[in-house]
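S.K.: There's a structure below that I have some questions on.
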Amino acid sequence: MSAKYREFSGLNLPAFEAEILAQWSEKQAFEKSVSLREGATPFVFYEGPPSANGMPGIHHVISRTLKDLVCRYKTMKGFQVKRKGGWDTHGLPIELGVEKELGITKEDIGKKISVEEYNQKCREAVLRYKDKWDDITRKMGYWVDLNDPYITYHNEYIETVWWLLSELYKKGLLYESVSIQPYSPAAGTGLSSHELNQPGTYKDVKDTSAVAMFKAIRNEKSEFLFKAIETGGSIDHTQIFDLKQMLEAKPQTSDTFFLAWTTTPWTLPSNLGLTVGPNIDYVLVETYNPYLHVPVNVILAKQLLNKYFDLTGIDINSIKTGLKLVSHLDTKKISKWKILAEFKGKDIEGCEYEQLIPYEANSPKVIEEITPGAKPFRVLVDSFVTTEDGTGIVHTAPAFGADDFKVGKKYGIGILTMVDRQGKFVDGLGEFSNRYVKNYKDDPNYVDVNVDIAVKLKKENRAFKVEKYEHSYPHCWRTDKPILYYPLDAWFIKTTAIKDRMVELNKTINWKPKSTGEGRFGNWLENMVDWNLSRSRFWGTPLPIWKSEDETEEKCIGSIEELNSEIRKAAEVLGGETNKHYLHEGILDLHKPYVDEIILVSASGKPMKRVPDLIDVWFDSGAMPYAQWGLPDTSSNQFGPLSAENFFKYHEASKTPPSEGLGEAVFPADFIAEGVDQTRGWFYTLHAIAALVFDSVAYKTCVSNGLVLDKNGNKMSKRLGNVVDPFKTIETFGADATRWYLITNASPWDNMKFDLDGIKEVQRKFFGTLYNTYQFFSLYANVDGFAFKEKYIPLKDRSEIDRWILSSLNTVVKKANEYMDDYEPTQAGRVIEDFVDSHLSNWYVRLCRRRFWKGEYEQDKICAYQTLYECLETLTRLIAPISPFFSDYLFQNLNAITKRFDAASVHHVSYPSIDETQNPPTGGRGAIEESLEERMQLAQDASSLILSLRKKVNIKVRQPLQKVLIPALNASMKKQLQQIEELIKAEVNVKEIEYPDPGNTIISKKIKPNFVALGKKLGPKMKAVSAALAQFTQEDIVLFEKEGQYNLSIDGEPVILQIAEVEISSEDIPGWTVANKGSLTVALDITVTPELEAEGNAREFVNRIQKIRKDSGFELTDRVEVRVKAANGLKDSLAQFKDYICAEILADKLEFVPEIQDGTEIEINDVSLNVIVLKKG
RNA sequence: AGAUCCGUAGCUCAGCCUGGUUAGAGCACUACACUGAUAAUGUAGGGGUCAGCAGUUCAAAUCUGCUCGGGUCUACCA
């Protein structure tokens, strides 16, 4: 007895997976899947490092499934795919976690706890959940090398990061500058955007807001405004409501003011500019100061007139120059005003104005000292200005706003910081000097300086409107005090210098979906600003820059070796205690506080200290393509000093043998995948560093997956308690079902609503069906001892249905390859799913069941086995990337018997491709026969229609019927139908099929236009022709078909229709029971003759006996004897089909007896009878 | 505020790029059937203003514009 295919008692995916996991680790299946491809073309994949100080979630499972399936697929396609794992270990979340755990705050660092201890705690916390991550990685079937991961806090990693920074430094792309950052005066520290996004930081507060009046200076630029005032505006007579008043109008003053609104009056002493929108409409308005009632002329955005002026009854868009109104008294808004001129923002660019609040501290002299050459107090133009609030003119204090800073820099207006780091005004600001701009000290007697400033402005005819304004403003999450935006020193990477190159390189990247790359990412690149690297933290990569105290000299370190040599040099030059702890072994840890203890020496012999900043952790992860390998050994010096050009060459050369090393084989990546939230994170930092240092893309294809939401479409969060535990999910449903669900439910880049019921469905529907099909196969294959020992039977010798399922299979193979190559696993999975369900299981297996259990083990049966086996085996390989466990399980169970592959795992074999060696008898490529697939579809449709008819008239399938009519619309359709006639007949239990020819008159026909063809030809006449066709009689249609064309008259114009321009289908066959679908029509003869009824009875009888056999527990092959006590009518039916019955039920004897003891009572078509079935022997 | 994705049956999704006249599938529900794949399967049925409005067109779920709703990222502003 030969070995048998394993059979199972039930589908238990988690149990199968546990078995496979044990096997994988025992056989080192992953390692082997890589080593087996030694020497093959590499497919480069980068693992985006997760942070292991939090638990993995279900959203990690989707992106990792995506990564895994692509890597597995590429491996099966013959590439060598190395997957080095990695961990992101620096950054604020880790610091915060440690602080929470120790119950300390940032202020305590260096006091209650030393930096050394603190960083030690961080180091310990960093991989806290590593075992959980390793566990989920294993259980979800993610093959990645966890034994040798890159870890961002390791010295070798940091060293490479330093080297990259030093390369940037050498290129002049690393510079120090001020930037405007959120700053908490109360806490005395800058805040990160992350900190600003803590819940509760944005609060609604009421602030004193002021519309300040900046007095315009008359000069060339502003001359047109003053001209307008003198002439009283260019009068538009059609708009004059009151001609008398208009003529009387004389400008009472030439004083003209730009109106600018602020919610932070304390920034006004630092004002250096006014910004307007280039295409915003502004107006010059003659009016009066509402507080002092003195005449003034003011400039503001036209759209915002109604905020200050009474516009009752006026459409703002119809306001024209010259329009004056004196109206409604009952309003808080100003009712006396007149438009003198209208212009665009860009028209007043460069206009100058008088400083609003001049003191010694902000005098032009001081400005010149701080920023030599600055030209302040001008009107600037920038697109960030809106007309949502205020006046459409933005008071610009470069020190206290990012936009202000940017535009200020563009125009060179200088910078004034009239507030110190404690949050109080500096000296030299008169009565405001040394006053806190907000109540940072919880002073109960605090007087709001903003109010005083507003009062001063009011008195001086410099305030147009002052009011309390409620808005949301960010607060420091630790002190609860309002933050302010403050200029702080920071180090930047000049990404803007190579913006165009980055945009260009981006165009070569294959983004999935395209919109992420072109839209979100492309846009981000277009609007890029320089990368602010600085962070004032403790646990992170230190910026390797040392500076002399007078800031005239600095040095950027690019390697440990360089640092150590500089350490020694400084000790020699500076002497004393300098670096004495680092002379012996050099530096052992590149973190704080050690690096900060090191003093270097400048070229001129001055001591230099490290600038205290750490770098943005995103630089860490973006440096991963290089830092994961560390700096190469350059001692051979065969390529010269280390550079971007030879970085990987050295790596390659330093490995033995060199061919196995790292060359082009590691950079750039062929493929990366992460969540779409990484677009401006990892995707960007990878791209930026690669472009800056290596002038290359970092990845050729980037797949970004969407969010995983809960089943109601809400974001998963611990707070809402709707997070899905990936461990539990996988334990309950299996990794395969979870993976399959995640991939096929929606395109990975769409947000997906995660629903456990969906996994259940996948499990039942897809895996259940596949499992059943395998069970079915193994059941009979074991009986017959099929082990694929026989020669492969060529297609031409196989039956129609075998060729059909193989053709379908190959079509699926073809599509799956195309979709996988296109990074569309969702489509691939759906195609496979559909094949398993509607083709393999519900048609092939169902129709072929008999072939497996009936008859001897000869040609046809072997064909059936070979066919089904090929389908199953191919499927296991097709689904292997998406469902790595079950596929391997089935594959191994199949292969264990047939040994068709010399491989321990499905992941070591090749992905199926079309079998070009097969030549189907009717032509086609590989095993694909399109016409065969087409006619099988016809058969399925026809059968489905006939079954629906039987259902309609309530005649069960077991009752044979005589005839079916299927009108063939043309000769080829008839031929197609004839070839599948036997199939249909068997499927629907009908004795004959007739195909009335097109010319027949039995069938009534329907005609409708072929819209695609006719629409182009007829255009507007389409409707009329459509209506005319609907009126056609049967005779008209027959005539049309005979003539091949038809003359119509539409609106008196002749229209000639060709036969190809209409679609004719059969609709009805009078006197028959008819159904149709598309162009297919079937008509069923539902007459049950006595002869047919007898046969129906016989079939019913067979069915009942089979059930008895099964209930009695007989083996499939047991022979039986049957005795029946039956009524006469039934007895005749049975006797008539005795041979048939005996053959079906494996009976050697069928006796009719008058009486039966202990028989089984059965019922056939409402007639009872009694039978006894005895096993022979 | 900007960018981007999404909105089709109770639920999950096709269809949209390339417009064509009965808008599909699965799940769920109901009824029926099948019974040597049986914790499986088939058939039928109900269920839709294709988010809304406007436009282009002989024809719009499909193309264009706007609006609304949801998500995400970035920014945070006088």
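The values are calculated or read from the model by the stated rules, or taken from the named source; none is laboratory data. As the structure is a prediction and not an experimental result, all values here were calculated from the model. Backbone-built Cβ (ideal geometry, glycine too); neighbour counts: all protein chains shown.
S.K.: Tally time: how many residues in the stretch A:459-505 are within 16 Å of RNA strand B (Cβ to nearest atom), among the polar types (S, T, N, Q) and in contact with a Leu (Cβ under 6 Å, 6 or more places away or on another chain)?
M.R.: 0
S.K.: Then there's this: Here are some conditions: (1) at pLDDT 85 or above; (2) within 14 Å of RNA strand B (Cβ to nearest atom). A:D736 meets all but one. Which one does it not meet?
M.R.: Here A:D736 clears every test but (2).
S.K.: Let me ask you something else. Being at pLDDT 50 or above, in a strand (DSSP E or B) and of a type in the set (D, E, K, R) is the filter here, so list the residues in the stretch A:309-363 that pass it.
M.R.: Correct list: A:K336, A:K338, A:E342, A:K344, A:E352.
S.K.: Test each condition in (1) assigned to a strand (DSSP E or B); (2) closer than 30 Å to A:S534 by Cα; (3) not aliphatic (A, V, I, L, M) for A:T479 and report the one that comes out false.
M.R.: So A:T479 meets the others, but not (1).
S.K.: Just a yes or no: is a residue in the stretch A:507-526 out of contact with any strand residue (DSSP E or B) (no Cβ under 6 Å at 6 or more places or on another chain), assigned to a helix (DSSP H, G or I) and either away from RNA strand B (no atom under 13 Å from the Cβ) or acidic (D, E) (or both)?
M.R.: Yes, the stretch A:507-526 contains at least one residue that is out of contact with any strand residue (DSSP E or B) (no Cβ under 6 Å at 6 or more places or on another chain), assigned to a helix (DSSP H, G or I) and either away from RNA strand B (no atom under 13 Å from the Cβ) or acidic (D, E) (or both).
S.K.: Does A:V845 qualify as being within 24 Å of A:T75 (Cβ to Cβ), in a helix (DSSP H, G or I) and not charged (D, E, K, R)?
M.R.: Spelling it out, it is not the case that A:V845 is within 24 Å of A:T75 (Cβ to Cβ), in a helix (DSSP H, G or I) and not charged (D, E, K, R).
S.K.: Moving on. Taking the stretch A:594-624 on its own, how many of its residues are of a type outside the set (V, I, T), part of a loop (DSSP other than H, G, I, E, B) and in contact with a helix residue (DSSP H, G or I) (Cβ under 8 Å, 6 or more places away or on another chain)?
M.R.: 3
S.K.: What's the number of the condition A:L1018 fails, among (1) in a helix (DSSP H, G or I); (2) at pLDDT 80 or above; (3) within 14 Å of RNA strand B (Cβ to nearest atom); (4) in contact with a helix residue (DSSP H, G or I) (Cβ under 7 Å, 6 or more places away or on another chain)?
M.R.: In the conditions (1) in a helix (DSSP H, G or I); (2) at pLDDT 80 or above; (3) within 14 Å of RNA strand B (Cβ to nearest atom); (4) in contact with a helix residue (DSSP H, G or I) (Cβ under 7 Å, 6 or more places away or on another chain), A:L1018 misses (2) alone.
S.K.: Right, here's the next one. Step by step: first the residues of the stretch A:364-386, then only those that are of a type in the set (D, E, K, R) and under 22 Å from A:S222 (Cα atoms), then the one that is modelled with the lowest pLDDT. Which residue is that?
M.R.: The selected residue is A:D382.
S.K.: Return yes or no: is A:V1124 more than 9 Å from RNA strand B (Cβ to nearest atom) and within 21 Å of A:I1162 (Cβ to Cβ)?
M.R.: yes
S.K.: Moving to a separate point now. Would you pick out the residues in the stretch A:950-965 that are within 16 Å of RNA strand B (Cβ to nearest atom) and either surrounded by 21 or more Cβ atoms within 10 Å (Cβ to Cβ) or in a loop (DSSP other than H, G, I, E, B) (or both)?
M.R.: Correct list: A:N954, A:I955, A:K956, A:V957, A:R958, A:Q959, A:P960, A:L961, A:V964.
S.K.: Pairs only if they're at least six apart or on different chains, beta carbon under 6 angstrom, first in the stretch A:665-680 and in contact (Cβ under 8 Å) with a residue 40 or more places away in the chain, second assigned to a strand (DSSP E or B) and polar (S, T, N, Q); list them, first residue then second.
M.R.: A:F671/A:T701; A:G675/A:N705; A:V676/A:S704
S.K.: Could you tell me which of the residues A:V1082, A:V1074, A:V1088 is assigned to a loop (DSSP other than H, G, I, E, B), within 30 Å of A:R935 (Cβ to Cβ), within 15 Å of RNA strand B (Cβ to nearest atom) and not hydroxyl-bearing (S, T, Y)?
M.R.: After applying the criteria, what remains is A:V1088.
S.K.: Could I ask something else about it? Is it true that some residue in the stretch A:64-86 is more than 24 Å from A:I20 (Cβ to Cβ), of a type outside the set (A, V, I, L, M) and surrounded by fewer than 19 Cβ atoms within 10 Å (Cβ to Cβ)?
M.R.: no
S.K.: Quick check on my filter: what residues within the stretch A:812-852 are under 21 Å from the mean Cα position of the chain (by Cα) and either more than 18 Å from A:E930 (Cβ to Cβ) or within 9 Å of RNA strand B (Cβ to nearest atom) (or both)?
M.R.: A:Y819, A:M820, A:D821, A:D822, A:Y823, A:E824, A:P825, A:T826, A:Q827, A:A828, A:G829, A:R830
S.K.: Can I ask one more? Report the residue count in the stretch A:746-765 for those that are farther than 12 Å from A:V61 by Cβ, within 10 Å of RNA strand B (Cβ to nearest atom), out of contact with any Ser or Thr (no Cβ under 8 Å at 6 or more places or on another chain) and outside any loop (DSSP other than H, G, I, E, B).
M.R.: Counting residues in the stretch A:746-765 that are farther than 12 Å from A:V61 by Cβ, within 10 Å of RNA strand B (Cβ to nearest atom), out of contact with any Ser or Thr (no Cβ under 8 Å at 6 or more places or on another chain) and outside any loop (DSSP other than H, G, I, E, B) gives 7.
S.K.: Residues being under 24 Å from A:V426 (Cβ atoms), of a type in the set (V, I, T) and buried (at least 22 other Cβ atoms within 10 Å of the Cβ): count how many of those fall in the stretch A:369-406.
M.R.: So the count comes out to 2.
S.K.: Any residue at all in the stretch A:792-799 that's within 16 Å of RNA strand B (Cβ to nearest atom), out of contact with any Ser or Thr (no Cβ under 8 Å at 6 or more places or on another chain), touching a residue at least 40 places away in the same chain (Cβ under 8 Å) and aliphatic (A, V, I, L, M)?
M.R.: For the stretch A:792-799, residues within 16 Å of RNA strand B (Cβ to nearest atom), out of contact with any Ser or Thr (no Cβ under 8 Å at 6 or more places or on another chain), touching a residue at least 40 places away in the same chain (Cβ under 8 Å) and aliphatic (A, V, I, L, M): absent.
S.K.: Out of A:E987, A:E1035, report the one residue that is acidic (D, E), within 16 Å of RNA strand B (Cβ to nearest atom) and assigned to a helix (DSSP H, G or I).
M.R.: A:E987
S.K.: With respect to A:R1099, determine if the residue is within 16 Å of RNA strand B (Cβ to nearest atom) and crowded, with 17+ Cβ neighbours inside 10 Å.
M.R.: Answer is yes for this residue.
S.K.: Let me ask something additional. In a helix (DSSP H, G or I), acidic (D, E) and over 18 Å from A:S536 (Cα atoms), is that true of A:D148?
M.R.: The answer is no for A:D148.
S.K.: Being crowded, with 20+ Cβ neighbours inside 10 Å and over 16 Å from A:A986 (Cβ atoms) is the filter here, so list the residues in the stretch A:927-944 that pass it.
M.R.: A:A927, A:I928, A:E929, A:L932 - these are the residues of the stretch A:927-944 that are crowded, with 20+ Cβ neighbours inside 10 Å and over 16 Å from A:A986 (Cβ atoms).
S.K.: Right, another one. If only one of A:R64, A:R72, A:R83 is within 30 Å of A:H591 (Cα to Cα) and of a type in the set (D, E, K, R), which one is it?
M.R.: On inspection, the qualifying residue turns out to be A:R83.
S.K.: Let me ask you something else. Collect the residues in the stretch A:775-789 that are part of a helix (DSSP H, G or I), out of contact with any Leu (no Cβ under 6 Å at 6 or more places or on another chain) and more than 6 Å from RNA strand B (Cβ to nearest atom), keeping them in residue-number order.
M.R.: If the condition is that a residue be part of a helix (DSSP H, G or I), out of contact with any Leu (no Cβ under 6 Å at 6 or more places or on another chain) and more than 6 Å from RNA strand B (Cβ to nearest atom), then A:S778, A:L779, A:Y780, A:A781, A:N782, A:V783, A:D784 are the ones that fit.
S.K.: Please enumerate the residues belonging to the stretch A:370-411 that are more than 7 Å from RNA strand B (Cβ to nearest atom), in contact with a Gly (Cβ under 9 Å, 6 or more places away or on another chain) and under 16 Å from A:T267 (Cβ atoms).
M.R.: Answer for the stretch A:370-411, where residues must be more than 7 Å from RNA strand B (Cβ to nearest atom), in contact with a Gly (Cβ under 9 Å, 6 or more places away or on another chain) and under 16 Å from A:T267 (Cβ atoms): A:P376, A:F377, A:L380, A:I393, A:T396, A:A397, A:P398, A:A399, A:D404, A:V407, A:G408.
S.K.: Right, another one. Please work out which one of (1) loosely packed, with under 13 Cβ neighbours inside 10 Å; (2) touching a Ser or Thr at 6+ places or on another chain (Cβ under 8 Å); (3) in contact (Cβ under 8 Å) with a residue 12 or more places away in the chain is the condition A:E1155 fails and give its number.
M.R.: (2)
S.K.: Only one residue in A:D480, A:D389, A:D420, A:D442 is acidic (D, E), farther than 30 Å from A:T685 by Cβ and modelled with pLDDT of 85 or more, so which one is that?
M.R.: Among A:D480, A:D389, A:D420, A:D442, only A:D420 is acidic (D, E), farther than 30 Å from A:T685 by Cβ and modelled with pLDDT of 85 or more.
S.K.: Still on this model: Whether any residue in the stretch A:920-943 is more than 41 Å from the chain's Cα centre (by Cα), assigned to a helix (DSSP H, G or I) and at pLDDT 85 or above is what I want to check.
M.R.: Looking through the stretch A:920-943, none of the residues is more than 41 Å from the chain's Cα centre (by Cα), assigned to a helix (DSSP H, G or I) and at pLDDT 85 or above.
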